[in-house]
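All remarks here apply to the structure that follows.
The values are calculated or read from the model by the stated rules, or taken from the named source; none is laboratory data. On a predicted model such as this, the values are computed, not experimentally measured, just so you know. No Cβ is skipped: glycine too gets one built from the backbone with ideal geometry, and neighbour counts run over all protein chains shown. Areas reflect the complete protein model, heavy atoms only, side chains present, ligands, DNA and RNA absent. Shrake-Rupley method; radii C 1.70, N 1.55, O 1.52, S 1.80 Å.
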Amino acid sequence: ELIAWADPSTLRPGDSLPIELRFENRPLAGVRVEAHPLRSASISAPLVARTDARGRVRFTLPREGPWLLTAVHMIPAPPEVEEDWESVWTALTFSLGPD
């Protein structure tokens, strides 16, 4: 689960948005989190950060409007299945500013 520790609708471009990533109700460290603008073609690549030991990351988003944050956590698959890994996906969407 991606949890915003500030209300994105109250922030402006350039403000810091703190995010926490949790898995099974515990902070998840070392995971890549991406921030994708949903309305802008001028940012070609997502903003990327990796969670710290407390499962936290901060993004300074450059523009107002809708955003999508994503993260994927890989865990070993149960022995009774043929696959080696399971991927657990999470996403958070919001609008930065009063958009």
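Okay, here's what the table says:
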quantity	calculated
Residue 15 paired with residue 80, simple spin-label distance in nm, labels 7 Å along Cα-to-beta-carbon	4.8 nm
Dipole moment magnitude, nearest 20 debye, the chain about Cα centre, only Lys, Arg, Asp, Glu C-beta charged	600 debye
Hz values of 3J(HN,Hα) by residue in region 15-20 - Karplus curve (6.51, -1.76, 1.60), Gly and Pro given as x	6, 8, 10, x, 10, 10
Accessible carbon and sulfur surface of region 24-99 relative to its total accessible area, %, 1.4 Å	52 percent
Rough spin-label spacing in nm, given labels placed 7 Å along Cα→Cβ, for residue 73 and residue 38	2.3 nm
Accessible area, probe 1.4 Å, largest first, for residues 64, 82, 34	82, 64, 34
